[in-house]
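See structure below.
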Number of protein chains: 2
Amino acid sequence: MMTPLRLGIAGLGTVGVGIVKIVQQHADLLEKRAGRPIVISAVSARSKFKNRNVDLSAYAWEDDPINLAKRDDIDVFVEVMGGHEGPAKDATAAAIIAGKDIVTANKALLAIHGQALAESAEAADRVIRFEAAVAGGIPVVKSLTEGLAGNEITRVMGVMNGSCNYILTRMENAGLSYEDVFEEANSLGYLEADPELDVGGIDAGHKLALLASIAFGTQVDFDAVELEGIGAITIDDIHQAADMGYKIKLLGVAQMTGRGLEQRMSPCLVPDTSPLGQLEGGTNMVVLEGDAVGQIVLRGAGAGEGPTASAVMGDVMDIARGLRISTFGQPANTLRQARAARAAVPAPYYLRLQLLDKPGALAKVAHALGEAGISIDRMRQYGHHDTAAPVLIVTHKTTRTALEDALADFTNTGVVSGAPVAIRIEEV
Amino acid sequence: MMTPLRLGIAGLGTVGVGIVKIVQQHADLLEKRAGRPIVISAVSARSKFKNRNVDLSAYAWEDDPINLAKRDDIDVFVEVMGGHEGPAKDATAAAIIAGKDIVTANKALLAIHGQALAESAEAADRVIRFEAAVAGGIPVVKSLTEGLAGNEITRVMGVMNGSCNYILTRMENAGLSYEDVFEEANSLGYLEADPELDVGGIDAGHKLALLASIAFGTQVDFDAVELEGIGAITIDDIHQAADMGYKIKLLGVAQMTGRGLEQRMSPCLVPDTSPLGQLEGGTNMVVLEGDAVGQIVLRGAGAGEGPTASAVMGDVMDIARGLRISTFGQPANTLRQARAARAAVPAPYYLRLQLLDKPGALAKVAHALGEAGISIDRMRQYGHHDTAAPVLIVTHKTTRTALEDALADFTNTGVVSGAPVAIRIEEV
């Protein structure tokens, strides 16, 4: 009989319990596929006596995940606690020192401390795997790191926060305001304890930063991700974008430009006929573009017990089968520190503004755009409500700088009421 | 410096040349990612002096791929010749005996001789990798074998022949007949030298058989794939399916049922709002379903120089990085011989028939369906042309056996002209 691979599972929330179930229910299947048994030696969680509807009696218990990390009877430390400081960080570091491989679902931990952890793991000849940290059950880290390893990656995009996509599609389908759907989603438990992690784009930004590191051979740099949440999206924007053939998505985009690495997680318009545009509800989608492969689109559940546990087990099986690969696809000490580039690639923009009912108003707005070197692709003016009329403009490709010049000019025209809305249109 | 991984490339058509280009253009990137250089030692093709727009002068040349397979200066035999007998088979077998790992894009070879080749490779402690054999650049073999290794796979589906999907979408978009689009595609070089490999579903059937083996731990059994090509699909069927909210796709489905392994590659109706229904043109899409992960959808180019070479290089990089995995995800000698089940899972069907202009005709047809235990979900009768009226029926779920009983009864009613069309509606 082959040597079993012995897991220590830190965290027995939804994901941890999902992992236990897979190991218990599919023991034979896992052994056949890995060529060796996968067993759980010990577990750790905050409360030992909570009922989790799963039999843990065969496993040693540790109150402290750091003690779990140091146990002699585990080979792999499975970190599914969450949080980028405190126990998750300390126990992961301890596990590396103790000579364990790491499988983690913790995007925040790796987005913030990934470089240091990867260097320390690689110095100790240990691996860190994190498929479950990005887009749940979708094998996107594997596809990017391994499947597309022959490509120069040109762009990575994705809808990687199911809660935001749920909110945006629910707003559209039910005609509800952001505030109403936010409350609904929050009361249904769809949002993190701190909802800003979801709706502010932080959680999705962590994921994007991890993918960018693999894609471009750069040190993970979450601080360089331009973050903009979905809180300012109105039902009017959604409807008017739809009228013009677009959907609004919280879209992550990472690409290497002549001016540096661009990483954005922000609302974008995408064509409603594109795979990203057609993505409804809580599903995730990641688009990988490489110079040889062209465009690959991966879609699936981005969260939940089964999908996340599936991703963790994929990593566990890789380790059991002997795959030992650098955390970010190449040795951590060869990853470059990329210069951060703000939205360097020109794009068309969707603009919505309230035009005051004054003679020559539209001409003044058009003039301000022209002065900034921005040409107009399409424009629609709707009827006046009270003193202002909504105007929608789709521009041709322009730089962010030119756009900001034009928006600043709008306030000087004296014909624009309030702050215009500007949303990038991403070519997907 | 680390030991290079040395390739011998057999076949210098589109794919072989694509591999050479990647190895030449991305030498640094590949070395950084693999931790060792990837080099080409020798190549082989039918004609040495053909201009391939790529510099082969640094590589040894072999006229005979068997000699290439035996060379001492190669570690990996890259087989991109094609064909399931003759040189491809002989050279692959010779390479295994000579102690080489195999990377192949040859779906026919593995669909027919995969079990024997895998057994022989595993006895010699060699690996066979074949990402490029299924759905071109999409990392589907990797996703299924590795990423979803923690799942019991419940169903695999896919549109895996881009030419057929091109023909079907072109028929719909241009309103052309099958024959016209077939001629067009053939003259554009979109079809294999023997077009029946494409339009008869054989090529896609090979791919399905390979995925089914991994998914269900069974010996690859192409002969058990129920094959039906797209040659009988009319523009009327496409339009009328569209009227009812469906698209017609050449869809592969593999699932394990109580009665055995069902493998089908045949035209099916899928909802036009589903990812499969929205797939246009020559793109491929594979849907993987597992008990933990739910549904994963993978989409990308299914053929072409870059995508196929990308898949080959993904396999090469895995070998360079030390991943050694059984050909079909578990040792070949543990793969079961599955009993073949004919479309065992009940499904709704789309029926189109020509009803003669006789009193009580529709009642007789409805009665025949009722007698076979089939209930009707939707029915449409169109106006009469000459003596017959087209009737469309969407049934509720029924077995294939019951359906065949009903179709046989139709001919006895004396009110149905010609052979009815019956197409399965797949729940995706």
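Coordinate-derived values only; no laboratory data. Only a predicted model underlies this, so the values are computations on that prediction, with no experimental measurement involved. Backbone-built Cβ (ideal geometry, glycine too); neighbour counts: all protein chains shown.
A Förster radius of 41 Å, combined with the Cβ-Cβ distance separating residue A:234 from residue B:183, puts the computed FRET efficiency at roughly 0.20. Our note on the geometry: Cα centres of segment A:132-193 and segment A:34-93, 28 Å apart. Between the Cα long axis of helix A:178-187 and the first principal axis of chain A there is an angle of about 20°, rounded to the nearest 10.
Summarising the rotation from chain B to chain A, the nearest chain B beta-carbon to the axis and its distance in Å are given as B:323, 2.
Only Cα pairs under 8 Å and at least 6 apart count here; give the relative contact order of segment A:148-301 as a rounded whole percent.
35 percent
Counting Cβ atoms of other protein chains within 10 Å of each residue's Cβ and taking the mean over peptide A:309-318 gives 6. Counting, for every residue in B:12-24, the Cβ atoms of other protein chains within 10 Å of its Cβ and taking the mean gives 1.
Considering chain B as a Gaussian network with a 10 Å cut-off on Cα pairs, which listed residue, B:241, B:366, B:343, attains the greatest mean-square fluctuation? In the Gaussian network model the winner is B:366. Within straight-line reach of residue A:21, meaning a Cα separation under 29 Å, sit the following lysines at least 8 residues removed in sequence or on another chain: A:32, A:48, A:50, A:70, A:89, A:100, A:107, A:142, A:207, B:142. Using the rule -39500 (n - 2.57) for each DSSP H run of four or more residues, divided by the residues of chain B, the 222 nm mean residue ellipticity is -10500 deg cm²/dmol. Distance from the Cα centroid of segment A:364-428 to that of segment B:337-399 is 56 Å (rounded to whole angstrom).
Loop-resident GluC sites (Glu not before Pro) (DSSP state other than H, G, I, E or B) in segment A:1-89 with no more than 12 further Cβ atoms inside 10 Å of their Cβ: A:85. A simple spin-label model places the labels of residue A:379 and residue B:24 5.2 nm from each other, with each point 7 Å out along Cα-to-Cβ.
Computed over the Cα atoms of the protein assembly as shown, what is the convex hull's projected area averaged over all directions, in nm²?
Seen from a random direction, the Cα hull of the protein assembly as shown projects 39.9 nm² on average.
Assign one of three labels to segment A:5-104, namely rounded, prolate or oblate, based on the Cα gyration tensor with a ≥ b ≥ c the square roots of its eigenvalues; rounded applies when a/c is under 1.5, prolate when it is not and a/b is larger than b/c, and oblate otherwise. Oblate, since a/c reaches 1.5 and b/c is not below a/b.
Among the trypsin sites (Lys or Arg not before Pro) within segment B:366-428, those in coil by DSSP and having at most 16 neighbouring Cβ atoms inside 10 Å are B:397.
Its relative contact order, with pairs defined as Cα atoms under 8 Å and 6+ residues apart, puts chain A at 16 percent. With label points defined 7 Å past Cα in the direction of Cβ, position residue B:243 shows copy-to-copy spacings of 3.4 nm, given to one decimal and shortest first. Out of the trypsin sites (Lys or Arg not before Pro) in segment A:1-98, which ones are loop residues according to DSSP with at most 11 other C-beta atoms within 10 Å? Those that pass, being in a loop and sparsely packed, are A:50. Inter-label distance, residue A:427 to residue B:173: 1.8 nm, where each label sits 7 Å from its Cα along the C-beta direction. Note on residue B:280/residue B:363: beta-carbon distance plugged into 1/(1 + (r/R0)^6) with R0 of 60 Å gives a FRET efficiency of 0.90. Per residue of A:135-146, other chain Cβ atoms within 10 Å of the residue Cβ number 6 on average. Against the longest alpha carbon principal axis of chain B, how many degrees, from 0 to 90 and to the nearest 10, is the axis of helix B:400-413 turned? The angle comes out at about 40 degrees.
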